[in-house]
Amino acid sequence: MSKIDKAMKKFYNKPIPNDITFDEVVSVMTHFGCILDSGGNHPKIVYPKLGYVIPVPKHGKCVGEVYIKQLKDLLDMIREELT
């Protein structure tokens, strides 16, 4: 199982684990064509094809559950678009 697959599995676990790191988020999202915009107060995950921008504040190493839910919704849209 690849690093991306393991991180994806964590994203879709229920309940959402509270140990998903920012680096895992970036690796999964860039794998699916998103761009990390680190300018401004918070880093943002940008998906240019759909014009989606999701700010992902870093508080320590882990990403909050609410942002993981938003990223999962974006991943679902990207995967739907690819099929």
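Things to note:
- Listed candidates (1) 33, 29, 21; (2) 32, 24, 23; (3) 42, 25, 23 - label of the one calculated as Cα extents along the principal axes in Å: (1)
- In region 36-79, the inverse of the mean reciprocal separation of distinct Cα atoms equals 11.0 Å; this is its Kirkwood hydrodynamic radius.
- The residues neighbouring Lys61, those whose beta-carbon lies less than 9 Å from its own, together hold a net charge of -1 under the Lys/Arg +1, Asp/Glu -1 convention.
- For region 53-67, putting each phi into the Karplus relation 6.51 cos²θ - 1.76 cosθ + 1.60 with θ = phi - 60° gives couplings of 10, 10, x, 10, x, 9, 10, x, 8, 9, 9, x, 4, 4, 6 Hz, in residue order, rounded to whole numbers and with x for Gly and Pro.
Read the figures in this text as sums done on the coordinates, not as results from a lab. Everything numeric here is computed off the predicted structure, so don't read it as measured data. Every residue, glycine among them, receives a Cβ derived from its backbone with ideal geometry; neighbour counts consider all protein chains shown.
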